[in-house]
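Notes follow once the structure below has been shown.
Just so you know, all these numbers are worked out from the coordinates, no wet-lab data involved. Everything quoted here is computed from the prediction, not taken from an experiment. Every residue, glycine as well, gets a Cβ built from its backbone with ideal geometry; the counts of neighbours run over all protein chains shown.
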Amino acid sequence: MYNSLDLFQTAGAMARHAGARQAVVARNIANADTPDFQAQSIAAFKDVYAGSATTTMRATRAGHLGGQIGQHTTDLRQTVVGEPSPNGNTVSIEDEMLRAVEVSREHNRALTIYRHAMTVLRTSLGRS
Amino acid sequence: MTDFSDAISVATSGMKAQASRLRHVSENIANTDTPGYRRKAITFEEMVNLGRTTGEVAVGEVRLDRSELSRIYDPAHPMADAAGYYQGSNVNLLIEIADAREAQRSYEANLKMFDQVRQMSTALMDLLRR
């Protein structure tokens, strides 16, 4: 029922997007000392959303419902261009920390919007 | 949720790898004065499962540092040769301490990621609980 409302759909897609980004950041940090590892990243939700709203949303949901793990995230993943360290690794812990904070805020925002919209619905139903 | 459990297992693998790195560093430091001891070095590599990389980090094989062992002059030592020298270890304490510090920093970063993923999924669960 909630999914038929655009607001819930967008908030849900945003939370899912934050989850996918977090997975990529965790992967980069775990491999911060692996030789020849190329850091990857996923663009912020607003950029992905602005790019092509309908297809992105559908892609995000298809991966979710189809149970194909990480399918949509692999499509969105890009290799970060950065200065490699002597062992060929391009992960910068500082950049990843920055991204992690961004992701955490994005996720929080999505959940807050979702919760708030739910409160509005509940109020309209006469429950609080 | 798969993204979250992926992220948690990746962060855990990172912590495990850094912990085993730290273990080898402490082995090296403990054996600084062992005659003939060669410094152990470990490598990190991406874990490959069913032909594709999972993003988890794995510890590769342990290698011995092939650099020259130090020669220490001590005629009274039981292992000293005719010239009064014996072979010490090739452990450089400065390198080991730097390595330990780097491992610690990476471990902390992984721990932070783990904590953040946990917080995110807790927030999601709170939404369900209402």
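Structural remarks
- What the Cα convex hull of region B:1-56 gives, in volume per residue, is 66 Å³.
- Sparse-neighbourhood loop sites, GluC sites (Glu not before Pro) in region B:37-70 - DSSP loop, at most 11 other Cβ within 10 angstrom: B:GLU68
- Kirkwood hydrodynamic radius of the protein assembly as shown, from inverse mean 1/r over distinct Cα pairs, in Å: 21.1
- Here is the list for region B:28-104: trypsin sites (Lys or Arg not before Pro) lying in DSSP coil, each with at most 13 other C-beta atoms within 10 angstrom of its C-beta, are B:ARG66.
- For chain B, the fraction of alpha-carbon pairs in successive 10 Å shells from zero, as %: 12, 29, 23, 17, 10, 6, 2, 1, 0
- Degrees between helix B:2-30 axis and first principal axis of chain B (Cα, 0 to 90, nearest 10): 10
- Under 22 Å from B:LYS16, Cα to Cα: lysines that are on another chain or at least 8 residues apart: B:LYS40, B:LYS112
- Centroid-to-centroid, using Cα positions, region B:51-66 and region B:4-32 are 12 Å apart.
- For the peptide B:4-13, the mean number of other protein chain Cβ atoms found within 10 angstrom of a residue's Cβ is 6.
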